[in-house]
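Below is one structure; the comments refer to it alone.
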Amino acid sequence: GRSLAPDGTIVEDTRTNMYWTTDTFYVSVKTEGSAQNVVMKARWSGPEGAKAEMVKTISPSGATVTAFEAPPPQDKDGRWPAGDYKVEILVNDGVQGTRELNAR
């Protein structure tokens, strides 16, 4: 999505897979259960070698929302390269899900 609500979920009217090259990419992951020191990652990859990764360690107890963000790289004039991207969600280095997105 394009923005986060205070609870870490994506704001309903900003849910999208289509972005402007100047947008920050947000992803929100809902989990259930209890565990200690779970390493969660969001890994974005796209054209021209564009990459971003955000890592969080969580210790959930019940329903939990974990939010990640990837602002445009500052070395590309504050823009993502236009094209197709993929975001992967990893839990303890195992891929748990992916989403395709596009920046133009």
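Any read-out appearing in this document is the output of simple, stated calculations on the displayed coordinates, not a laboratory observation. What you see is a predicted model, and the numbers here were worked out from it, not measured in a lab.
Where the convex hull is taken over the Cα atoms of the chain, what is its projected area averaged over directions, in nm²?
One quarter of the hull surface, i.e. the mean projection, equals 6.5 nm².
May I have the count of lysine pairs in the chain with C-alpha atoms under 15 Å apart, counting pairs 8 or more residues apart or located on different chains?
Numbers: LYS30/LYS41; LYS30/LYS56; LYS41/LYS51; LYS41/LYS56; LYS41/LYS86; LYS51/LYS76; LYS51/LYS86.
For the chain, qualifying lysine pairs total 7.
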